[in-house]
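A.B. asks: Can you keep this structure in mind? I'll have questions shortly.
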Amino acid sequence: METRDGRERIVRLWFDMWLQKSALGISDVFSDDAVYIESWGPEYRGLPRIRQWFDEWNTRGSVLRWDIRQFFHKGDQTVVEWCFKDAMHDGQIQAFDGMSLIEWTPEDKIRLLKEFGCNINRYDPYRDGAAPHFGDERPLWF
């Protein structure tokens with residue numbers, strides 16, 4: 001039970017770092033050789049690159065919300081379901097649901113984190129008949 005609670009605390013610490021724009025404690029979250037894969041493609045290898053991405057991203061935007069809905073644990077893996085919202089300095093605001101698949105080291109540091117995103121603007125493309133009608137909205141980047 002302590003491992004599960006400890007892992008959840010680590011994930012919450014990572015999300016809080018984004019909300020506070022402060023990477024203090026990042027070396028307690030990720031292993032030196034960690035890999036972080038964003039839902040839309042970028043991949044950061046190693047703690048220095050993850051830190052560089054965190055610092056640079058926070059010069060362009062702010063995370064407004066990153067709420068955890070639930071955790072699933074199995075062995076050395078955790079899945080986190082969450083909802084996210086950010087505002088970029090260019091005025092763009094994005095919100096989406098997501099999940100992170102996390103693999104842990106024996107020391108309970110994140111070795112791999114892979115994000116998956118889901119658009120919150122959902123609809124039934126068959127609502128008006130047999131032919132699908134897809135929204136005019138530009139799809140999100142994931």
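A.B. asks: I'd like the FRET efficiency for Asp16 and Asp90, computed as 1/(1 + (r/R0)^6) with the beta carbon distance as r and R0 of 25 Å, rounded to 0.05.
C.D. replies: 0.50
A.B. asks: Quick one: which residues, 5+ away or cross-chain, put their amide H under 5 Å from the amide H of Leu64? H built at 1.01 Å from N.
C.D. replies: HN-HN under 5 Å from Leu64: Lys85, Asp86, Ala87.
A.B. asks: Here is a further query. At 0.36 nm per residue, and after removing the present C-alpha to C-alpha distance, how many nm does the segment from Glu43 to Ser62 gain when stretched out fully?
C.D. replies: So the chain would gain 4.8 nm between Glu43 and Ser62.
A.B. asks: Run the dipole for the range 4-72 about the Cα centre, Lys and Arg Cβ at +1, Asp and Glu Cβ at -1, nothing else charged, and hand back the magnitude in debye, nearest 20.
C.D. replies: 180 debye
A.B. asks: Between helix 47-57 and the chain, what is the angle of the helix's C-alpha long axis to the longest principal axis, kept within 0 to 90° and rounded to the nearest 10?
C.D. replies: With rounding to tens, the tilt is 50 degrees.
A.B. asks: Just the projected area, averaged over all directions, of the convex hull on the alpha carbon atoms of the chain: how many nm²?
C.D. replies: Taking the Cα atoms of the chain, their convex hull projects to 10.1 nm² on average.
A.B. asks: Apply the Karplus curve 6.51 cos²θ - 1.76 cosθ + 1.60, θ = phi - 60°, to the phi angles in the range 20-29 and return the couplings in whole Hz, x for Gly and Pro.
C.D. replies: Along the range 20-29, the couplings run 9, 6, 9, 8, 4, x, 4, 6, 7, 8 Hz.
A.B. asks: Here is a further query. Would you tally the net charge around Ser31, using a Cβ to Cβ cut-off of less than 11 Å, leaving Ser31 out, and scoring K and R as +1, D and E as -1?
C.D. replies: -4
A.B. asks: For the residues Leu24, Leu112, Leu101, what sequence is obtained by ranking on other C-beta atoms within 10 Å, fewest first?
C.D. replies: Lowest count first: Leu24, Leu101, Leu112.
A.B. asks: Taking the simple approach of a point 7 Å from Cα along Cα-to-Cβ for both Val79 and Ile120, what is their distance in nm?
C.D. replies: 2.2 nm
Taken together, the values in this text are just the output of simple stated rules run on the coordinates, not laboratory data. Keep in mind that this is a model prediction, so the values were computed, not measured. Neighbour counts are summed over all protein chains in view; Cβ atoms, including those assigned to glycine, are modelled from backbone coordinates with ideal geometry.
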